Amino acid sequence: MVVKLFLIIKIKLCMIVHNNISIIFVVYKSGEILFKNLKNLINYEIIIIDNDKDSNIEKEILRINKSIKYFKMNENLGIARAVNFAFKKINNKFILYLSADTIITDDNISRLKNIFNKYKNIGMVAPMHQNANGDYLGNYFCHPINRIIKRTISQKKIYSSLSKIKPSGDFSVKCVWGAPILIKSSLINKIGFFDNNYFMYFEDTDLCDRVVTSGHEIIETSDSYCTHYKAISSSNSLRYAYRTMTAFKFSELYYFSKYERKYVLRIYLHLFDYLFRFVINIFLFNKKKVYTNLFRIIGILKFIFYPKKTKF
């Protein structure tokens, strides 16, 4: 009787905690990892944006949880536009953005939320990442603008070694991977969520920059963790390679054009290097490198000629 009463109280408390957290998933050709994650997430408002117009996962999603709000897009909006579409459907205090290849439990989400009560002026909170084997994956990373800093070989080795050490406690960082992140809706309303011009890549760094610029802290905590199954939500086709490589180069240029324009010239100069490598590898019959350099060239040309969208 006491155990039953305890379980009822615990469920009620979970409902209270979770009623002010909405979860956003953006998925593309996702499956088992997403389903497994959804089974763990109870009593949340969940919104799923499916960028695959040919997807057939809706039935399984609603079988797991009929209250999930599922939207299948007629085109692949990319991450930023899809997240912003979902955010317009939400009125909750907190937003937890998750990727389809990352699993996090109720307890770990609650620990993220506790950080907002623990410190003042918190803008965003992220957990530690581990792989499927439980090995630590660094989540905080060297800020892209720091690429401009020249390092010796020994300095690079030191940085590489330090990045593999699992930290402990709560620590302030400049940027984190895009998911999972827990952020207040009120802050998003002030600074915007992801910039619509990013299809994928750099949208998380851009958001982190705006969080910090607004005078808030980004906290990563070792008290909370998620399991990251890298590349589960992707395909390995040539079409996927084209999408990711062109998107990365476009996003890289767009990001630096916003925050560090002097670096843009260096990327433009890479265009001639990529063109040279493209031609050379045609004669060397290296198909993989031919496509790699071609897609990089297309990414740069897209940035030059692509009409920019409104940011949010």
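To the nearest 20 Debye, how big is the dipole of segment 2-228 about its Cα centre, given +1 on the beta carbon of each Lys and Arg and -1 on that of each Asp and Glu?
420
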List, in order, the whole-Hz ³J(HN,Hα) value for each residue of segment 39-51 obtained from phi through the Karplus relation with A = 6.51, B = -1.76, C = 1.60 and θ = phi - 60°; use x for Gly and Pro.
5, 7, 9, 10, 6, 10, 7, 10, 10, 10, 9, 9, 7
Relative contact order for the chain using alpha-carbon pairs under 8 Å, separation at least 6, rounded to a whole percent?
20
Can you give me the Cα centroid spacing of segment 53-112 and segment 273-306 in angstrom?
35
Projecting each Cα onto the charge dipole of segment 2-228 (Lys/Arg +1, Asp/Glu -1 at the beta carbon, about the Cα centre), which of N114, L38, V173 comes out farthest on the positive side?
N114
I'd like the orientation of helix 287-305 relative to the chain: the angle between its Cα long axis and the longest Cα principal axis, in ° from 0 to 90, rounded to 10.
80
Lysines near K93 by alpha-carbon distance under 16 Å, same-chain residues fewer than 8 away left out - which ones?
K113, K184, K190
About its Cα centre, what dipole magnitude does segment 133-205 give when the only charges are +1 on Lys and Arg Cβ and -1 on Asp and Glu Cβ, stated in debye to the nearest 20?
440
Collect residues whose amide H, placed 1.01 Å from N in the peptide plane, falls under 5 Å from the amide H of I46; neighbours closer than 5 in sequence don't count.
I23, K69
Can you compute the modelled spin-label distance between E60 and V279, with each label point 7 Å from Cα toward Cβ, in nm?
4.8
Evaluate the charge dipole of segment 238-305 about its Cα centre and quote only its size in Debye, nearest 20, assuming +1 on the Cβ of each Lys and Arg and -1 on the Cβ of each Asp and Glu.
140
Name the long-range amide H neighbours of L137: under 5 Å, sequence gap of 5 or more, or other chain; modelled H, no Pro or chain starts.
H129, Q130, N131
How far, in degrees from 0 to 90, does helix 203-213 lean away from the longest principal axis of the Cα atoms of the chain, to the nearest 10?
70
Taking placed amide H atoms and a strict 5 Å upper bound, the residues 5 or more places from G178 or on another chain that come that close are none
If one takes the longest principal axis of the Cα atoms in the chain, at what angle in degrees, from 0 to 90 and to the nearest 10, does the Cα axis of helix 78-87 lie?
30
For Rg and Dmax of the Cα atoms in Å, the listed values are (i) 20.2, 67; (ii) 20.8, 78; (iii) 27.0, 106; which was obtained by calculation from the structure presented?
(ii)
Give the longest segment of the chain that steers clear of GluC sites (Glu not before Pro) in DSSP loops with at most 14 neighbouring Cβ atoms within 10 Å, not counting the sites themselves.
76-259
Lysines whose Cα lies under 21 Å from that of K156, excluding same-chain neighbours fewer than 8 positions away
K164, K166, K174
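Values quoted throughout were computed directly from the atomic coordinates according to the rules given, and no laboratory measurement underlies them. Only a predicted model underlies this, so the values are computations on that prediction, with no experimental measurement involved. Ideal geometry is used to build each Cβ from the backbone, glycine not excepted, and the neighbour counts take in all protein chains shown.
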